[in-house]
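First the structure, in the form of structure tokens, and then the observations on it.
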């Protein structure tokens, strides 16, 4: 394992990795189709880039209500260029509490308990 191999050379780095292991590996708790979207730097920033650009150009013109209307309309126009998420049909599974273990959906028995796999 990486930590065992490099702990003597880089104790601070390996301690940080060990401390944040669960957060770093949470990536694998989702379907493989979603991984590309999970790696996105900041989807909110890219979503509102058009709105931010237009807002700077028209700053100070109009009321709060007019500004909100403009933002809404810009978001609707920007939405046309967005592409559908990979694995969009699996979006509800993590929301419903279904787990993915190493990208594979964890099966549950009739009682709702995760089925044990013999590996």
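Stretching the chain fully between residue 48 and residue 18 yields a gain of 7.3 nm (0.36 nm per residue, less the alpha carbon separation).
Note on residue 101 and residue 3: the extension gain reaches 33.1 nm, defined as 0.36 nm multiplied by sequence separation minus the Cα-Cα distance. Residue separation of residue 33 and residue 79 scaled by 0.36 nm, minus their Cα-Cα distance, works out to 14.5 nm of gained length.
Bear in mind these aren't lab numbers, they're just calculated from the coordinates by the rules spelled out. Since we're looking at a predicted model, the values are computed, not measured.
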